[in-house]
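Visitor: Following this message is one structure expressed as structure tokens.
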Amino acid sequence: MSQAETQPVPVEAGRIPAPGEGAADWLPPVDIGETAEGFQVVVELCGVAREDVSVGFHEGRLTVWGERRREGAAETVHYRERRSGRFLRAFRFRTPVEGDRIAASLKQGLLTLTVPKRRPRRIPLEATS
Amino acid sequence: MRLIWSPTRDLLQLHARLGRALGDPLVRRWARRTQREATMPPLDFSETPECFVIRVDLPGLRKDDVEVTVAGGQLQIAGEAPASNEPDATVESLRLERFRGPFRRIVPLPRQANSAEIRATLERGVLTLEVLKTLSAGGRRIEIG
């Protein structure tokens, strides 16, 4: 697997962490940016495999959770600063978003979530003559 | 917002805050740099019977963004962590928790490390350095002639 490869991550509608999955050992750092079109959420998930990340959107809440496995189980550890174990972050947005159009991808240890804003629906005016 | 208490980080943050409180730009710069160099990016150090293993979290960095050098029994990892969003008038930052900017970590290598034999890989935002041990690391029995 190439390190530069972008891996799409499914965003599951209505999915929330199961009981027991909700407790987190650590909180990955996050940047959130907002544009006129939507929000971009960038989560640091170094060394996390694509199959160890879950993304769910339920009742306006976007949740990212999973597990970061430790490498080198047989090694003798001298010092350790990197976090591992179960992680979880959840977000709400200040304007309504299109929950079923959220895109997620994992690349170089960064999970990027693109969250489009919900557009106000335009009602066509009918001319009465 | 951190759930896990880290005495080192708290102390370094307090240290940086004190520097800011003093208002001296030199103190402030030094405090910020000390904080970064001491804790960012996070690093693990371990060993196997054959080699020493150093792992560093470098999210979003490509191999051309990182420089690993070895000199005088020290390993140095340096580079610049990119921001998630380019400074742009159309993007409003709502949260900025990720570390960005220049960084440098220095790792003194143990005496058995063979600095000529280092293997470096960068995958999924993790830099892994494997430093082979010199052959005599395990000790050698000297036969009495």
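The values are calculated or read from the model by the stated rules, or taken from the named source; none is laboratory data. From a predicted model like this one, the values you see are computed outputs, not experimental measurements. Because the Cβ atoms are built from the backbone with ideal geometry, glycine has one as well, and the counts that use them run over all protein chains shown.
Visitor: Among the residues of segment A:67-97, how many are within 12 Å of another protein chain (Cβ to nearest Cβ), touching a residue at least 40 places away in the same chain (Cβ under 8 Å) and among the aliphatic types (A, V, I, L, M)?
Guide: The total comes to 1.
Visitor: Quick one: which residue in A:12, A:44, A:5 is over 24 Å from residue B:85 (Cα atoms) and charged (D, E, K, R)?
Guide: A:12
Visitor: Another question, then. Restricting to segment A:17-34, and then to whatever is farther than 21 Å from residue A:118 by Cβ and of a type in the set (A, V, I, L, M), can you tell me which residue is farthest from the other protein chains (Cβ to nearest Cβ)?
Guide: By that ranking, first place goes to A:18.
Visitor: Still on this structure, I have one more. Restricted to segment B:100-122, and to residues that are closer than 27 Å to residue A:6 by Cβ and surrounded by fewer than 17 Cβ atoms within 10 Å (Cβ to Cβ), which residue is farthest from the other protein chains (Cβ to nearest Cβ)?
Guide: B:102
Visitor: Okay, next question. Please give the number of the condition residue B:131 fails out of (1) among the β-branched types (Val, Ile, Thr); (2) in contact with a Phe, Trp or Tyr (Cβ under 6 Å, 6 or more places away or on another chain); (3) at pLDDT below 90.
Guide: In the conditions (1) among the β-branched types (Val, Ile, Thr); (2) in contact with a Phe, Trp or Tyr (Cβ under 6 Å, 6 or more places away or on another chain); (3) at pLDDT below 90, residue B:131 misses (3) alone.
Visitor: Do you know which of the residues in segment A:35-48 that are modelled with pLDDT of 95 or more and facing chain B (nearest Cβ under 8 Å) is surrounded by the fewest Cβ atoms within 10 Å (Cβ to Cβ)?
Guide: A:40
Visitor: Restricting the search to segment B:41-67, which residues are surrounded by fewer than 20 Cβ atoms within 10 Å (Cβ to Cβ) and touching a Gly at 6+ places or on another chain (Cβ under 9 Å)?
Guide: Matches in segment B:41-67: B:46, B:48, B:49, B:65, B:66, B:67.
Visitor: Among strands (runs of 3 or more DSSP E) lying entirely in segment A:75-124, which contain 3 or more residues that are small (Gly, Ala, Ser)?
Guide: The qualifying strands (runs of 3 or more DSSP E) are A:103-107.
Quick grid of which residues meet (1) farther than 14 Å from residue A:81 by Cβ; (2) outside any helix (DSSP H, G or I); (3) modelled with pLDDT of 70 or more:
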site: B:1; (1), (2), (3): yes, yes, no
site: B:30; (1), (2), (3): yes, no, no
site: B:41; (1), (2), (3): no, yes, yes
site: B:45; (1), (2), (3): no, yes, yes
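Visitor: Show the residue pairs meeting these rules: Cβ distance below 7 Å; 6+ apart or different chains; first residue within segment B:58-78 and within 12 Å of residue B:115 (Cβ to Cβ); second residue part of a loop (DSSP other than H, G, I, E, B).
Guide: Final answer for the pair search is B:73/B:109; B:74/B:109; B:75/B:109.
Visitor: Find the residue count for segment A:12-33, including only residues that are farther than 22 Å from residue B:61 by Cα, of a type in the set (A, V, I, L, M, F, W, C) and in a loop (DSSP other than H, G, I, E, B).
Guide: 4
Rundown of residues vs (1) in contact with a strand residue (DSSP E or B) (Cβ under 7 Å, 6 or more places away or on another chain); (2) modelled with pLDDT of 95 or more, yes/no style:
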position	(1), (2)
A:1	no, no
A:18	no, no
A:60	yes, no
A:64	yes, yes
A:97	yes, yes
A:112	yes, yes
A:116	yes, yes
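Visitor: Given the structure, is residue B:77 surrounded by fewer than 17 Cβ atoms within 10 Å (Cβ to Cβ), away from chain A (no Cβ under 11 Å), within 15 Å of the chain's Cα centre (by Cα) and assigned to a strand (DSSP E or B)?
Guide: Criteria not met by residue B:77.
Visitor: Please verify whether segment A:53-66 includes one or more residues that are within 11 Å of chain B (Cβ to nearest Cβ) and in a loop (DSSP other than H, G, I, E, B).
Guide: no
Visitor: Also: Being under 8 Å from the mean Cα position of the chain (by Cα) and closer than 15 Å to residue A:21 by Cα is the filter here, so list the residues in segment A:33-55 that pass it.
Guide: If the condition is that a residue be under 8 Å from the mean Cα position of the chain (by Cα) and closer than 15 Å to residue A:21 by Cα, then A:54, A:55 are the ones that fit.
Visitor: Right, next: Tell me which residues, restricted to segment B:120-130, are touching a residue at least 60 places away in the same chain (Cβ under 8 Å) and part of a strand (DSSP E or B).
Guide: B:122, B:126, B:127, B:128, B:129, B:130
Visitor: Turning to a different aspect of this structure: Return the residues of segment A:34-52 that are of a type in the set (S, T, N, Q) and outside any loop (DSSP other than H, G, I, E, B); say none if nothing qualifies.
Guide: A:40
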